[in-house]
């Protein structure tokens, strides 16, 4: 069955492309070289650096002595999710060898990417100490722009660098600004390194991850938490966020190597972390609906 070999070779790269195309939060993924293993397997370390300020220079005594303090902070991995798909050989053959490939692509597009985005935004939104607007439902594009100006001013006053700020907002809000078709609206959006639309179904302050096992949660995936609010927009300075996948695997078991059934099996697992650096909370600004 040469088609099985070809499928196994091509399947994983295809799924990676589907995920990258479907996810809207991949821009926040950190450089893995910046991460260090913690004392425990489920931890990572990051440095928090503080230096003293300037002092008076003495003509006789010279410079005052400054100091550098480096404290290693610990963050715990908080995302460990996976699933196993099985497609019978005959089901795959009778759909012209596309059922298995389509099932995997559908998993990535409709489940993996949306859940990863929802978890990312909810984790950032739930961090205590980030900047937040007064909850509001914006009537139109002008109201949204006014709120953006307040947000940008707050981050400017907090000395958050402009470079690297990403604006995430619902399609409804971004389209309302585009509809204004004014120089003012274009300039407001041009002040960000990137502007990204986020479907409201992925944009909540908290979510419930369904375990796929207990009654009522057999389908897996996620739901909006009961007390969660819809997010209007989120401004993130990328260096303020820890988003790192320590382990992602998408593996294939062909029928010849399947000891329990005559079926293709696809296993997918992602183990990682989403958090905000404790000393960079000003790098996140959120606006939620009432």
**Item:** Criterion violated by residue 228 - all others in (1) assigned to a strand (DSSP E or B); (2) under 21 Å from the mean Cα position of the chain (by Cα) satisfied
**Value:** (1)
**Item:** Given (1) touching a strand residue (DSSP E or B) at 6+ places or on another chain (Cβ under 6 Å); (2) surrounded by fewer than 14 Cβ atoms within 10 Å (Cβ to Cβ); (3) not in a strand (DSSP E or B), number of the condition residue 279 does not satisfy
**Value:** (2)
**Prompt:** If a residue has to be within 27 Å of residue 107 (Cβ to Cβ) and not in a strand (DSSP E or B) to count, how many in the stretch 56-89 make the cut?
**Reply:** 3
**Asked** What residue, among those in the stretch 137-147 that are out of contact with any strand residue (DSSP E or B) (no Cβ under 7 Å at 6 or more places or on another chain) and in contact (Cβ under 8 Å) with a residue 12 or more places away in the chain, is surrounded by the fewest Cβ atoms within 10 Å (Cβ to Cβ)?
**Response** 137
**Prompt:** So how many residues does the stretch 196-225 have that are closer than 18 Å to residue 140 by Cβ and either over 16 Å from the mean Cα position of the chain (by Cα) or outside any helix (DSSP H, G or I) (or both)?
**Reply:** 1
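Which one of these is over 19 Å from the mean Cα position of the chain (by Cα), surrounded by 11 or more Cβ atoms within 10 Å (Cβ to Cβ), at pLDDT 80 or above and farther than 30 Å from residue 233 by Cα: 85, 102?
Result of the check over 85, 102: 85.
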**Message:** Name the residue that is nearest to residue 287 (Cα to Cα), counting only residues in the stretch 233-252 that are in a strand (DSSP E or B) and touching a helix residue (DSSP H, G or I) at 6+ places or on another chain (Cβ under 6 Å).
**Reply:** 235
**Message:** Regarding the stretch 164-174, can at least one residue be identified that is without any contact (Cβ under 8 Å) to a residue 24 or more places away in the chain and exposed (fewer than 14 other Cβ atoms within 10 Å of the Cβ)?
**Reply:** no
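The values are calculated or read from the model by the stated rules, or taken from the named source; none is laboratory data. All values reported here derive from a predicted model rather than from experimental measurement. Positions of Cβ are backbone-derived with ideal geometry, glycine not excepted, and every protein chain shown enters the neighbour counts.
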